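Notes follow once the structure below has been shown.
The values are calculated or read from the model by the stated rules, or taken from the named source; none is laboratory data. Fair warning: this is a prediction, and the values are worked out from it, not measured in the lab. Reconstructed Cβ throughout: ideal geometry from the backbone, glycine too, with neighbour counts over all protein chains shown. For accessibility, only protein heavy atoms count, side chains too; no ligands or nucleic acids. Shrake-Rupley method; radii C 1.70, N 1.55, O 1.52, S 1.80 Å.
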Amino acid sequence: MMGDPKEAGAEASPSGAAARGGLSLLSQTESEEPSAQGSALFLGGNEVKSRAVVKYSSAPPRTAFARLEEKTDLKLPPANWLRESAKLGPAGTTILGNSKKSKPFSSFGMAYDFIDSVGNDVDVVSDSENIKKLLKIPYSKSHVSMAVHRIGRTLLLDELDIQELFMRSSQTGDWTWLKEFYQRLIDQKWQRKKKSKEHWYQKAILSKFLYYSINGDGAAQPVPSPAEQQESASSDQTHESEGASWPAPFEMPSSVSEDPSASSQGLKNDFVRNILWTFEDIHMLVGSNMPIFGGGRYPAVSLRLRDNNKPINVLTGIDYWLDNLICNVPELVMCFHVNGIVQKYEMIKTEEIPNLENSNFSTKVIKDIAQNILSFLKSNCTKEGHTYWLFKASSSDIVKLYDLTTLCEETEDKYQNPFTMPVAILLYKVACNMMMKKNQNKKHYGTIRTLLLNCVKLLDKSRHPQIIASANYMLSELFQLDEPKKEESSDSPLNENSDESYSEEEEEEEMADSDENGSYGTSSDPADDNKAVAIIKSVGELSVPEKYKSIHQIRPSCAFPVCHDTEERCRLVLSYVLEGLKSVDSSIKKESDLPAADPSTPIPLKYEDESTRGGPEGLEKQMALFLDKMGSLQKGNCSGQSGMTPGSWQHKMKLQLILKSSKAYYILSDAAMSLQKYGRALRYIKLALQSHDTYCCLCTNMLSEVLLFLSQYLTLCGDIQLMLAQNANNRAAHLEEFNYQTKEDQEILHSLHRESSCQGFAWATDLSTDLESQLSVSCKCYEAANEILQFSDLKSQNPEHYVQVLKRMGNIRNEIGVFYMNQAAALQGERVVSKSVSAAEQQLWKKSFSCFEKGIHNFESIDDATNAALLLCNTGRLMRVCAQAHCGAEDEFKREFSPEEGLYYSKAVDYYLKALRSLGTRDMHPVVWDSVNWELSTTYFTMATLQQDYAPLSRKAQEQIEKEVSEAMMKSLKHCDVDSATARQPLCQYRAATIHHRLASMYHSCLRNQVGDEHLRKQHRVLADLHYSKAAKLFQLLKDAPCELLRVQLERVAFAEFQMSSQNSNVGKLKTLSGALDIMVRTEHAFQLIRKELVEECDQPKNDEATPAADSSPNLNREEVIKLLSIFESRLSFLLLQSIKLMSSSKRKMSSNTEDDAALQTNKQIYSQLLRATANRNSTLLERIEVVICLLEQLASGSSGSSGSAVP
């Protein structure tokens, strides 16, 4: 026996389909079929466009027919009768009218072969006999019974031979529900109608006539030899015993095993020709078995046998005309006989057939009938997957359309409809075919989704798990997870598909009820027939042009659901994945051997809290196990627990579904992360990793793409753990989100647990309450992601991801380094003064340093100089923490700057300088550059300050210390940018002013304490004066440092007083005093600032129990102001007194000078006022300040030459 060599979904081009029955398919050049280009025929005076393209032909090369001699007796059988012939092909048997003629699934066989055409550009797929029967409805009294199915915009028409089916139902029970419905509603007195002897007689002589016609020598043809017989018989062997070949989704074995009843349905394309026939604007895929002869003068003719005593009628004429149009045959040869005796032959052109005597018909009317019937069917057969029944009783004018699927669903077993399986498979195949066209399938996503949903709806889950799993996987594939969804404008709800009926109403016509008789008569009034979907009240309507045009509206491709956000899209995907997993799991036989698990109970994790294991060290073992597992994956040493056979459809499908679920959970996790829902993000990434772990258990050959996914999942998991660590204050909310589980997630997890324990990544997805543990887990996630990239050369294939992983590794190591550094600083703060550095502190320093070092290496390996500089900067800070730890080891009174401090500060300086070298120039990253510069300046400043305040005199000479302090201060100044207008500028100015002040104080101190070397003293004097001057200038630029400015100016005055004490001449002393008073005058700016702050303080609304001494201004230290003010009043009084004394004595010695007199009078007046003011103990601070400002203004005007009033 020969099987059907055609594969499902064969291409529609002649070269794409394999020939049946051992005959090669003819190409257009070899075929002697009529031209594939078709032709426009002008018939009966009306233009009717008809074009036929042969898509497939198993007919042999055409030969001329044998013209029989007159008086040949057709009642006698020829020698070759009923022997299968290559020349006749399958027509030799099918023409005899045996039961195979009325296969109810003939259109499905064609649809499977030409899947490209279905649902898209073809309106109708059917046997040519059915097309002819429909177009003859207004002319014929015979009954019509057809099954109609809608796939996209295509209608599949099949003969539904009621008598044949009801005969079979008594044996199989397939159609009992339809038989009951038919008897109840349509024909209560149904009985089997037998075919007449005349019918069988006509069939027999037609068959003998055709066999005579293919013999070259008429009846004299001898019986063929066995060899020839074998050769000729190869065209089409027995039909009966061949089972149906269902389509094989993906790489599955033939699904025929799923449905034993399928074998009786014979879903094969048994037609000799499949023709794409365009009749006017209707595109049809038609199957035809009509024998075509040709050769010599007649390249293509159809051969007909007619009884000379019976004139040809309209029905026969339409039959012949349509057959020739469909097969594109230009001529018809009729052989006339009388009682089986051949009389004559007649040649008729196809376009002349409508005008034959007794057989006149209008081709225009036929065209209108075709358009009206198609419009009627398309308007009413709206539900994909449903079986409709078009029925017209004998001698009736009424045509009814029933929805058999709805009727069938009312019965106990809704899967009793034998059309269900073929329709579901066809829906599936059309969807598959559309999915394969990658370049243009997105615009068809709505259609594909509808096809698949309807396919799943039709199938019984327990009988067809393979197709349901596959369809659900394809549904999940429609939703793009790796790119933003381009949402289509559609108002349709998510679950909308093409199952709804059209909203257009049928046009109602008031027609008189027709009288119905015969075995197919009806006993009910059409108006009461509420079971019918639609009714044509009179077949005469079909001849009216465009009668049904108003409702011939094809719905556009079904709208794809609009997912308003990523979560909605992923949830849809997961719902399909879950259905697919359920189908796969239900088909695995070893259910009873599996450990019982309740899908509604979350599976507990065998995972200890890191804090109970003494930190993150326990992670090391788990990481080692994980990497070991990764290595074994490369060798393919994996297997699931449920006993699936690797390579089986269940194994392949479950792998695909699990991978899809892991991707969906990853996208959900990423979306939750962007919404800062870190608990939810961790739950989703945990599910993604559990899915991936199961995939690893099942997969026999790990693809590099899947390893890359895992690396991405672990990277995201690391990000989430880091964010959880940084948001510890909201831990309760995150924990609640993490522990929440939907029923869908639980069921998916249950399916995963059938294959694996899902514990492979438990170490990465635990929500710890310990900060150190969270940071360590995050780091391990990144390390694992990096390790995976080392496999299969993924690093070089995905450079961007590799860079991202290393950046994150560097970042987390920085975070952990800072964490340990802060812990060390905290321990240092808790330490009792004079206690030495603890081992715990040193351990934390080592850990912190190690993290920074690794992080720097990560950033340097990807040439990220900026981040490397930041980590070098943090390492510098760690060195400063170490230095600070050594400063508290001694008693405060005996405290000296220790060598350990010096060593660590020097190391800090080295790291800051390395950071600057890493950046190169400020232009590379100004913010980081300024930050490093500031830290370096701070380090130098701190070193110098500590050396100055806690001078190591036991180890170094005073001069050396002063030199080192001076050098460090100058270096600090060098890296302190006072000129750039940045946010840090006031800080830099304050720092620079403080440095100048400290240096001036140091030189001032040296001058006081030094004796001897005059040159050095002079140098110190000049330096002190210079630094005091610069400090004063910088402090004057600042609005929030009046006390510092005042202190500098007072120190300058003290410096002047010190100089004056070493002077001998009155002139020199007066000059110095004048300079000191001038400095005093310049302090007015500082007092004005203090006054302003005090006034603002007084203007603020007073609290209920505010005390006058309360320091309500954060910037003003009252006590310091009072202290400085007292010193100022004292020094001003002293200077004025000295000035008055010196000026008075010089006046006596020298002649009178008007200017000097005025100055003396002013000084006396101011001195007098100052004495009175200081004597008044009841003055407030503000009043004292205002007096000082007034006195300074007088002093300023007096010193500029203006005269003051006489002292009373």
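Of the residues making up the range 934-951, those that are among the polar types (S, T, N, Q) and buried (at least 22 other Cβ atoms within 10 Å of the Cβ) are SER937, THR939, GLN947.
Has the range 102-110 got any residue that is assigned to a loop (DSSP other than H, G, I, E, B) and at pLDDT 80 or above? Taking every residue of the range 102-110 in turn, none turns out to be assigned to a loop (DSSP other than H, G, I, E, B) and at pLDDT 80 or above. Filtering GLN823, GLN828 for residues that are open to solvent by 60 Å² or more (accessible area, probe 1.4 Å) and polar (S, T, N, Q) leaves a single hit, GLN823.
If you go through the range 330-359 and keep only what is of a type in the set (S, T, N, Q) and part of a strand (DSSP E or B), you end up with just GLN343.
For the range 307-333, a residue qualifies if it is open to solvent by 40 Å² or more (accessible area, probe 1.4 Å) and either touching a strand residue (DSSP E or B) at 6+ places or on another chain (Cβ under 9 Å) or more than 19 Å from GLU357 (Cα to Cα) (or both), and the qualifying residues are ASN308, ASN309, PRO330. Consider the range 1174-1190 and keep the residues that are at pLDDT below 80 and over 20 Å from GLU1120 (Cβ atoms). The one that is most open to solvent (accessible area, probe 1.4 Å) is ARG1177.
Has the range 901-921 got any residue that is among the acidic types (Asp, Glu) and either modelled with pLDDT under 85 or over 51 Å from the mean Cα position of the chain (by Cα) (or both)? Spell out the reasoning first.
Residues of the range 901-921 among the acidic types (Asp, Glu): 901, 910.
Okay, now just the ones that are also either modelled with pLDDT under 85 or over 51 Å from the mean Cα position of the chain (by Cα) (or both), so 901.
Looking for residues that are among the acidic types (Asp, Glu) and either modelled with pLDDT under 85 or over 51 Å from the mean Cα position of the chain (by Cα) (or both), one finds at least one in the range 901-921, hence yes.
So, of the residues in the range 465-481 that are outside any helix (DSSP H, G or I) and open to solvent by 10 Å² or more (accessible area, probe 1.4 Å), which turns out to be nearest to VAL430 (Cα to Cα)? Working first, answer last.
Within the range 465-481, the first condition is being outside any helix (DSSP H, G or I), and the residues that meet it are 479-481.
If we keep only those that are open to solvent by 10 Å² or more (accessible area, probe 1.4 Å) as well, we get 480-481.
Numbers: GLN480: 20, LEU481: 24 Å.
Result: GLN480.
Among residues of the range 1000-1020 that are over 16 Å from GLU1051 (Cβ atoms), those with a beta-carbon under 8 Å from a residue that is modelled with pLDDT of 80 or more and not aliphatic (A, V, I, L, M) at least six positions away or on a different chain give the pairs GLN1010/ARG1017; GLN1010/HIS1020.
Candidates are the residues of the range 993-1028 that are surrounded by fewer than 21 Cβ atoms within 10 Å (Cβ to Cβ) and of a type in the set (A, V, I, L, M); the one that is modelled with the lowest pLDDT is VAL1011. Total residues in the range 1039-1077 satisfying the condition of being open to solvent by less than 10 Å² (accessible area, probe 1.4 Å) and under 60 Å from the mean Cα position of the chain (by Cα): the figure is 1. Selection of the range 1080-1094 for residues being open to solvent by 20 Å² or more (accessible area, probe 1.4 Å) and either under 18 Å from LYS1141 (Cα atoms) or of a type in the set (A, V, I, L, M) (or both) yields VAL1081, LEU1089.
If only residues of the range 897-933 that are over 20 Å from PHE852 (Cβ atoms) and in contact (Cβ under 8 Å) with a residue 40 or more places away in the chain are counted, the one that is most open to solvent (accessible area, probe 1.4 Å) is MET924. Here GLU1096 clears all of (1) modelled with pLDDT of 75 or more; (2) within 17 Å of ALA1076 (Cβ to Cβ) except the condition numbered (2). Of all the listed residues (SER972, SER931, SER966, SER954), the sole one being among the polar types (S, T, N, Q) and more than 27 Å from LEU1007 (Cα to Cα) is SER931. If you check LYS807, LYS780 for being outside the structural domain of ALA469 (by the TED database) and either over 25 Å from the mean Cα position of the chain (by Cα) or of a type in the set (Phe, Trp, Tyr) (or both), only one passes: LYS780.
Matching residues to (1) touching a Leu at 6+ places or on another chain (Cβ under 6 Å); (2) farther than 30 Å from ARG831 by Cβ:
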{"position": "ARG895", "(1), (2)": "no, no"}
{"position": "SER898", "(1), (2)": "no, no"}
{"position": "TYR904", "(1), (2)": "no, no"}
{"position": "ASP923", "(1), (2)": "no, yes"}
{"position": "TRP929", "(1), (2)": "yes, yes"}
{"position": "ASN933", "(1), (2)": "no, yes"}
{"position": "SER937", "(1), (2)": "no, no"}
{"position": "PHE941", "(1), (2)": "no, no"}
{"position": "ILE961", "(1), (2)": "no, no"}
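For SER954, the conditions (1) open to solvent by less than 50 Å² (accessible area, probe 1.4 Å); (2) out of contact with any Ser or Thr (no Cβ under 6 Å at 6 or more places or on another chain); (3) touching a residue at least 40 places away in the same chain (Cβ under 8 Å) all hold with the exception of (1).
Taking the range 122-132 as the range and being in contact with a strand residue (DSSP E or B) (Cβ under 6 Å, 6 or more places away or on another chain) and of a type in the set (D, E, K, R) as the test, the residues that pass are ASP123, ASP127.
Of the residues in the range 448-484, how many are of a type in the set (A, V, I, L, M, F, W, C), modelled with pLDDT of 85 or more and farther than 21 Å from GLY152 by Cβ?
Residues of the range 448-484 of a type in the set (A, V, I, L, M, F, W, C): 448, 451-453, 455-456, 458-459, 467-469, 471, 474-475, 478-479, 481.
Then keep just the ones that are modelled with pLDDT of 85 or more; that gives 452-453, 455-456, 467-469, 471, 474-475.
Next, from what is left, pick out any that are farther than 21 Å from GLY152 by Cβ: 469.
Of the residues in that region, 1 qualify.
Taking into account only those residues within the range 407-435 that are part of a helix (DSSP H, G or I) and at pLDDT below 80, which is least open to solvent (accessible area, probe 1.4 Å)?
Quick first cut of the range 407-435, residues part of a helix (DSSP H, G or I) only: 407-409, 414-416, 420-435.
Filter once more, so that each one left must be at pLDDT below 80: 407-409, 414-416, 420.
Details: LEU407: 19, CYS408: 1, GLU409: 95, LYS414: 84, TYR415: 60, GLN416: 54, THR420: 19 Å².
Per the stated criteria, the residue is CYS408.
Listed conditions (1) surrounded by 23 or more Cβ atoms within 10 Å (Cβ to Cβ); (2) out of contact with any Phe, Trp or Tyr (no Cβ under 6 Å at 6 or more places or on another chain) are all met by TYR740, apart from (1).
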